[in-house]
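Colleague: Here it is, the structure, as structure tokens.
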Amino acid sequence: GCTGRRHLAEDYCKDNGIKLHNSFEDLLNDDTLHAVILATPHGQHREQVIAAAKAGKQIFYFTCSK
């Protein structure tokens, strides 16, 4: 996982065995990961999908409507 608010996620990730990366780029460079799930604002999806595809990762993303 990765988040812009790392300090809020550290305990959760530690308790659940989730490796927490420092950035999305670090996550994409992790050869042990084969896919990414995007749960980010829609405006970020295009760049993140392109970067993940270039890194050879499968991509899943979710949209929510209010």
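The values are calculated or read from the model by the stated rules, or taken from the named source; none is laboratory data. Keep in mind the model is a prediction, meaning the values are calculated, not measured. No Cβ is skipped: glycine too gets one built from the backbone with ideal geometry, and neighbour counts run over all protein chains shown. These accessible areas exclude ligands, DNA and RNA; they are computed on the full protein's heavy atoms, side chains included. Shrake-Rupley method; radii C 1.70, N 1.55, O 1.52, S 1.80 Å.
Colleague: Restricted to the range 39-65, and to residues that are open to solvent by less than 40 Å² (accessible area, probe 1.4 Å) and of a type in the set (A, V, I, L, M), which residue is farthest from the chain's Cα centre (by Cα)?
Modeller: In this case the residue turns out to be ALA51.
Colleague: Report, by residue number, each residue of the range 7-28 that is touching a Leu at 6+ places or on another chain (Cβ under 9 Å), touching a residue at least 12 places away in the same chain (Cβ under 8 Å) and among the acidic types (Asp, Glu).
Modeller: Residues satisfying the conditions do not exist here.
Colleague: Here is a follow-up. Working only within the range 3-38, note down all residues that are under 16 Å from TYR61 (Cα atoms) and open to solvent by 90 Å² or more (accessible area, probe 1.4 Å).
Modeller: Within the range 3-38, HIS34, ILE37 qualify.
Colleague: Would you pick out the residues in the range 50-65 that are over 23 Å from LEU8 (Cβ atoms), not in a helix (DSSP H, G or I) and not polar (S, T, N, Q)?
Modeller: ALA55, GLY56, LYS57, ILE59
Colleague: Give the range 29-49 a look and list any residue that's in contact (Cβ under 8 Å) with a residue 24 or more places away in the chain and either of a type in the set (Val, Ile, Thr) or assigned to a loop (DSSP other than H, G, I, E, B) (or both), or say none.
Modeller: Matches in the range 29-49: ASN29, LEU33, HIS34, VAL36, ILE37.
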